[in-house]
1. Across the stretch 233-251, which residue is nearest to GLY360 (Cα to Cα) among those that are part of a loop (DSSP other than H, G, I, E, B) and in contact with a Leu (Cβ under 8 Å, 6 or more places away or on another chain)?
2. Just one of (1) surrounded by fewer than 19 Cβ atoms within 10 Å (Cβ to Cβ); (2) at pLDDT 95 or above; (3) within 23 Å of ALA417 (Cβ to Cβ) trips up ASP236, so point out which.
3. Among the listed residues ALA86, ALA123, ALA63, identify the single one that is within 24 Å of the chain's Cα centre (by Cα) and not assigned by TED's automatic domain parsing to the domain that holds PRO401.
4. Considering THR60, THR120, which residue is without any contact (Cβ under 8 Å) to a residue 12 or more places away in the chain and either assigned to a helix (DSSP H, G or I) or among the hydrophobic types (A, V, I, L, M, F, W, C) (or both)?
5. Would you mind finding the one in VAL405, VAL324 that is in the same structural domain as ALA271 (by TED's automatic domain parsing), within 30 Å of ALA123 (Cβ to Cβ) and surrounded by fewer than 22 Cβ atoms within 10 Å (Cβ to Cβ)?
6. Of the conditions (1) crowded, with 23+ Cβ neighbours inside 10 Å; (2) in contact (Cβ under 8 Å) with a residue 24 or more places away in the chain, VAL130 satisfies every one except a single condition; which number is it?
7. For the stretch 320-425, which strands (runs of 3 or more DSSP E) that fit wholly inside it have 3 or more residues that are aliphatic (A, V, I, L, M) and in contact with a Gly (Cβ under 7 Å, 6 or more places away or on another chain)?
Amino acid sequence: MAPHYIPAIQAQPAGHPLPPHPEHDTTPALSLRHGEDRRLRSGHLWVFSNEVDIRKTPLTGFAPGDRVRVMSDRDQFLGHAYVNPATLIAARIVSRSEGHPISRGLLKDRLRSALALRETFSATPHYRWVFGESDGLPGLVLDRYGDVVVGQIATVGMERLRPDVEAAVRAVLDPAVLVWKNDSGARALEGLPETVEAAWGEIPTELEVIETLPDGRALRFSTALQAGQKTGWFYDQTFNRSLLGRFLRPGTRVLDVCSYAGGWSVTAAAAGAATVTCVDSSAAALERAAANAAAHGFHLAQRKGDAFEVLAAMAEAGERYDAVILDPPAFIKRRKELPQGQAAYRKLNQLAMRVLEPDGLLVTCSCSYHLGPEDLLAAVQGAARHVDRFVQVLHAGGQSPDHPVHPAIPESRYLKALFCRVSRN
């Protein structure tokens, strides 16, 4: 299929630098206890409630979303932030420049910088435009689907900034539609309701996504917005999917577990797979994957059901595949769930290895932040030993570059993807 791109919306020029902040800043201070500024000075952006000197600046004196100047115990400026006195993360820093407080101008500057980064490596206007703290905008996610932008706000401080965010989006990109898909359960932690609404334009029922392969071919996908997961698409796996063709031999039989709308499946078919079978618990997701494949002239086999149960049944029936892709939802959402989650990842990989042909390809992923890269490796190795397999890790990947990692914030690095060769001992 010949490449087909839609033109990118041109960003407006950066313009003049932000004006300096007035000398007399009336923004209230949020003072830290002695020694609690070290992590912030190293680059982190979060202030925890137990780090605040509540005798000097009581958290009860602030309303959720208020803007503050974060100060050390020696009254040294650390950053401009917004607060939520009711949550463990009491404040999130947005600006470290004392002369540039939180403002509409600062938001526009952040959005321009984030857009410029994505336009350096994206062949089409389909990517995560803003990735929270990693783009200097904690609590904000913006995903771009051509002329449609879908956003999510996770904090009350960013919610209070929403009119300014909307104005900044108009000024920098001016898309035809801006939708707030604020239906994440995480908003409840900040005392925010779950809503889906348009800032402007009509809410589309479907979104188009274009992913470009290394050879220049463009794969087009359709995904649901309101009924879909997250903002509709998992952009964080785009780069890993683009690598799949390097590891697949033409004519292979591929099994895509937790296939969602078929991102991995269609990519495998485009790479020359002879057959592709999708497994997902959602009938709607399987239908969407089949439609996305059919649009490119491919056919997908389907198995609806729980990933663990389907894999176990396949193994018992003697079904075998040359490649298995595991891209499950997060098994670990809280640190206390780590032991059970580790066991689940080990079990899932163990089942996958049972249906793999000797020297087969296993692509195994985890989007659980609390499961570190070494933990995923341990889960894979534990699974291999249990079923008497030998594993060679060919490539270790992470999230796509439109999800940049903040070096001082480990929480911004969450996705792991291992491309492995699995052989019999």
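The values are calculated or read from the model by the stated rules, or taken from the named source; none is laboratory data. Worth saying up front: this structure is predicted, and the values here are computed from it rather than measured. So basically every Cβ, Gly included, is an ideal-geometry build from the backbone, and we count neighbours across all protein chains shown.
1. Out of the qualifying residues, it is LEU248.
2. For ASP236, the failing item is (1).
3. Of ALA86, ALA123, ALA63, the one residue that is within 24 Å of the chain's Cα centre (by Cα) and not assigned by TED's automatic domain parsing to the domain that holds PRO401 is ALA123.
4. It is THR120.
5. Within the list VAL405, VAL324, the selection yields VAL405.
6. (2)
7. Working: elements: 321-326, 356-366, 389-397, 416-424.
Ranges flagged: none.
Table: residues versus (1) assigned to a strand (DSSP E or B); (2) closer than 30 Å to LEU88 by Cβ.
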{"site": "ARG170", "(1), (2)": "no, no"}
{"site": "ALA186", "(1), (2)": "no, yes"}
{"site": "PRO193", "(1), (2)": "no, yes"}
{"site": "GLU208", "(1), (2)": "yes, no"}
{"site": "GLU211", "(1), (2)": "yes, no"}
{"site": "GLY216", "(1), (2)": "no, no"}
{"site": "ARG220", "(1), (2)": "yes, no"}
{"site": "THR223", "(1), (2)": "yes, no"}
{"site": "THR231", "(1), (2)": "no, yes"}
